[in-house]
Amino acid sequence: MEDKHVAPLKTVRWEDGKVIMIDQTKLPNQLVFVEYDDYNQVANAIQTLVVRGAPAIGVSGAFGLALAALQSRAKNKDEMIADLEVAKKTLFETRPTAVNLAWGLERIMNVAISCDSVEQIRQFVVEESKKIAEQDVSINRAMGKNGSVLFDDNDTVMTHCNAGALATVAYGTALGVIRATKESGKNVKVIATETRPVQQGSRLTVFELKHDGFDVSLIPDTAVGYAMANGLVDKVVVGADRIVKTGHVFNKIGTYQVATMARQHGVPFYVAAPLSTFDMKSEYNDVTIEMRSSAEVTQVGDTKTAPDDIDVINPAFDMTPPELISGIITEKGIAVPPFEDSIKKLFD
Ligand code: MRU
């Protein structure tokens, strides 16, 4: 590993006209960084989960468009915008559920459209994508601070999937709230679900929490009911890929089960997400749930765990309805039920 990669340890960043990412498919066994100078490589990285987590793919999409601007041989603004539109489509089509991707791409396109020349577009889109990455960290810290008031000393907090530093540029959303709770002087323990089939919980969440000195226990997804019924969990906090104006939350498959179980056992269930994860235009039934390959379910690594030719249903996300949610933590404050009103206020 080269020195330039050691500090700062960021999930995704821009350096010397290249995008540098941690290859999350290699974790927890190897900490490997990949470098890209072609937006098609970034699109492939998003599709294959080299980079994943809603805010991280939003930033990666923005960096991808910045690469496309550097790659373009356009001779005038119109040609450059046409090239960026092609790149935007390729990047956008990688993953359909997390709205941060579209948000990041749109923000870069708006900057490009406001520019006068090809050279100005190149300069401004690179600057804007770097700004999006920097703001991601400050937003997570603000969100963490806002959410930390909800947690008490000696709480054990359950989380699902990975909504940590690895799902963002750094610090994390749901794990950012847990980090801020600890930084505020409270003792906090974490229970992380394994998060089958891709195991973001066991491969990523417990990796980063253990690395950062947290008291963390890993459970199989099937032990969520056991943990709650036996009083092992005080609160739940998860991230989100998309939240619509009614407070319906789209997040990693299994979140709905965790929320339902939390309600059954009287455990508060919180969601932490930046405003860029809110989709104020779509209705909940307009949102596309990504369906992923059957191989994620029929094998673990290279070992087959199901018979050949079995039909598989492998949705990557599910929807948790607002009635199961105690609060939605954002950088602008905490939305509480009724969510339609409180979410609107966050944007006013
Ligand atoms: O398929 P993934 O790993 O991209 O799914 C990630 C999640 O569902 C996260 O919980 C969500 O993106 C929030 S990350 C801050």
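Considering only residues in region 246-270 that are within 25 Å of V336 (Cβ to Cβ) and of a type in the set (A, V, I, L, M, F, W, C), the one that is nearest to the ligand (Cβ to nearest atom) turns out to be F250. Apart from one condition, Y39 fits all of (1) crowded, with 24+ Cβ neighbours inside 10 Å; (2) in contact with a Cys (Cβ under 8 Å, 6 or more places away or on another chain); the exception is (2). Every condition in (1) open to solvent by 70 Å² or more (accessible area, probe 1.4 Å); (2) within 23 Å of Q257 (Cα to Cα) is met by D341 except one, and the failing one is (2). For region 43-62, a residue qualifies if it is part of a helix (DSSP H, G or I), closer than 13 Å to R13 by Cβ and within 15 Å of the ligand (Cβ to nearest atom), and the qualifying residues are A56, V59, S60.
Residue selection: L65 fails the criterion of being open to solvent by 20 Å² or more (accessible area, probe 1.4 Å) and part of a helix (DSSP H, G or I).
Inside region 321-341, residues that are part of a helix (DSSP H, G or I), more than 17 Å from A240 (Cα to Cα) and not acidic (D, E) make up a count of 0.
Consider region 141-167 and keep the residues that are among the β-branched types (V, I, T) and closer than 24 Å to P220 by Cα. The one that is surrounded by the fewest Cβ atoms within 10 Å (Cβ to Cβ) is T156. In region 284-320, how many residues are surrounded by 12 or more Cβ atoms within 10 Å (Cβ to Cβ), assigned to a loop (DSSP other than H, G, I, E, B) and among the hydrophobic types (A, V, I, L, M, F, W, C)? Qualifying residue count, region 284-320: 5. Looking across I243, I334, one residue alone is touching a residue at least 60 places away in the same chain (Cβ under 8 Å) and within 14 Å of the ligand (Cβ to nearest atom). It is I243.
The values are calculated or read from the model by the stated rules, or taken from the named source; none is laboratory data. This one's a predicted model, so the numbers in the text were calculated from it and none came from an experiment. Ideal geometry is used to build each Cβ from the backbone, glycine not excepted, and the neighbour counts take in all protein chains shown. Side chains included, ligands, DNA and RNA excluded: accessible areas come from the protein's heavy atoms. Shrake-Rupley method; radii C 1.70, N 1.55, O 1.52, S 1.80 Å.
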